[in-house]
1. Does region 81-92 contain at least one residue that is at positive phi and either assigned to a loop (DSSP other than H, G, I, E, B) or surrounded by fewer than 22 Cβ atoms within 10 Å (Cβ to Cβ) (or both)?
2. Need a quick list: strands (runs of 3 or more DSSP E) entirely within region 1-71 having at least 3 residues that are of a type in the set (Phe, Trp, Tyr).
3. From Ala133, Ala155, Ala161, Ala149, which residue is surrounded by 16 or more Cβ atoms within 10 Å (Cβ to Cβ), closer than 22 Å to Asn373 by Cβ and touching a Pro at 6+ places or on another chain (Cβ under 6 Å)?
4. Quickly run through region 362-386 and pick out the residues that are loosely packed, with under 10 Cβ neighbours inside 10 Å, farther than 14 Å from Phe150 by Cα and either of a type in the set (A, V, I, L, M, F, W, C) or modelled with pLDDT under 50 (or both).
5. Could you tell me whether region 35-53 includes any residue that is more than 23 Å from the chain's Cα centre (by Cα) and at pLDDT below 95?
6. When you scan region 259-274, do you find a residue that is modelled with pLDDT under 95 and surrounded by fewer than 24 Cβ atoms within 10 Å (Cβ to Cβ), even just one?
7. Could you check region 217-231 and list, in sequence order, the residues that are surrounded by fewer than 19 Cβ atoms within 10 Å (Cβ to Cβ) and of a type outside the set (Asp, Glu)?
8. What number of residues in region 97-136 are polar (S, T, N, Q) and closer than 12 Å to Thr275 by Cβ?
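The values are calculated or read from the model by the stated rules, or taken from the named source; none is laboratory data. In this text the structure is predicted, and so the values were computed from the model without any measurement. Methodologically, a virtual Cβ is constructed for each residue, glycine included, from the backbone with ideal geometry; neighbour enumeration extends over all protein chains shown.
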Amino acid sequence: MRLKEFRITRFQFARDRVIGDSQVRADDANVAALELIADTGAVGLGFIQTLFFPLPDQAEIERVFASEAWPSLEGQPPAGLAHAVGRPRGGQQRAFTLPFHEALQVALWDLAAKQVGLPLHRLLGSRRERIRAYASGLDFHLSDDEFAAFFGHAASIGYEAFKIKVGHPDFERDLHRLELLREVVGPKAGVMIDANEAWGAKEALVKLEAIRKAGHELIWVEDPILRNDFEGLRQLRAGASWTLINSGEYLDATGKRQLMQAGGTDILNIHGQVTDVMRIGWLAADTGIPVSIGNTFLEVGVHAGCALPEVEWLEYSFQNFDHLVDQPVEIRDGWAYAPDRPGHGLVLNETARRDWSRPKLLPRMEIGEAPFNPRVTHAPKLAASRP
């Protein structure tokens, strides 16, 4: 099997709710499907995503990919590229102009698994087929009513753990949201909070203690302070020993290694870059540090989550991307199930390609309504995702 050609399909549509945290917000989805096509006709699928700014026209995405990425891919075996280890130096050590990195890794592993006829999680060495999922609201910009509707729906369909965004300039609002969550999901539910680096080290310690005194037990606090404040994170681990520190989300593989070596986290947060995730996941296992799977596009991270040891949780945020593929990852009663189909199991939906593709960059007022999201069919309708 050798790579023969590629295909890119650009999408741009409204989200079914505004998402965001203490630092950012996003109202629209800006995504492109990357399909790597082998000489056998097999297709590997990955997704290029930008959170805050639209992607350029499809023709420009194709031009940049053909110039920067394709020369090192054309004619190569996908499995060899998936496992390749490089050591870029000098001017070679740079990112692509557009965020191709994760899409490439996912598409290459999709093809590699298809070549041997295995589901990706089996190729990666899994010993299980499901992982617990927690409901994540990305809820910082939702009103109280929207917040309650979202988490109430999640609890009604079987979720038992919930993560909310904190880090508001008015700390009383953070405490209020925790109280509201408890009212909606019950006092026995598991709770995580995510500050997205809103706090300093000492501030985080004071606020965590206030949260505890208010009667809230936490499974973990995620990214409470700056990602590279390893000493501050280490001190937080010691000072807030009643909960766990979950960090590493914003760090590349090298930064994650440094974070673990510095003793700066109780749980390592990883995402969807399959090659990087498996390498750093093996190191985490070797050092006895548990791993959590953060948001991955269309929950493709379930494969690595099932393959790596000591992974207890996968984040699910009810984002309306399911219409892009034929069969999304099944999530039922608070569990995410790894597909048993060859590859990662996600195939671009031809109706979506026909009806939702947007080859040209559109002004926000022209992108239309959010696609139907079957995962939230029974949830109260949230406010339109516009500032």
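1. Within region 81-92, one or more residues are at positive phi and either assigned to a loop (DSSP other than H, G, I, E, B) or surrounded by fewer than 22 Cβ atoms within 10 Å (Cβ to Cβ) (or both).
2. So the answer is 3-20.
3. Of the residues listed, the single one that is surrounded by 16 or more Cβ atoms within 10 Å (Cβ to Cβ), closer than 22 Å to Asn373 by Cβ and touching a Pro at 6+ places or on another chain (Cβ under 6 Å) is Ala149.
4. Passing the criteria: only Met365.
5. no
6. Taking every residue of region 259-274 in turn, at least one turns out to be modelled with pLDDT under 95 and surrounded by fewer than 24 Cβ atoms within 10 Å (Cβ to Cβ).
7. Matches in region 217-231: Leu226, Arg227, Asn228.
8. 1
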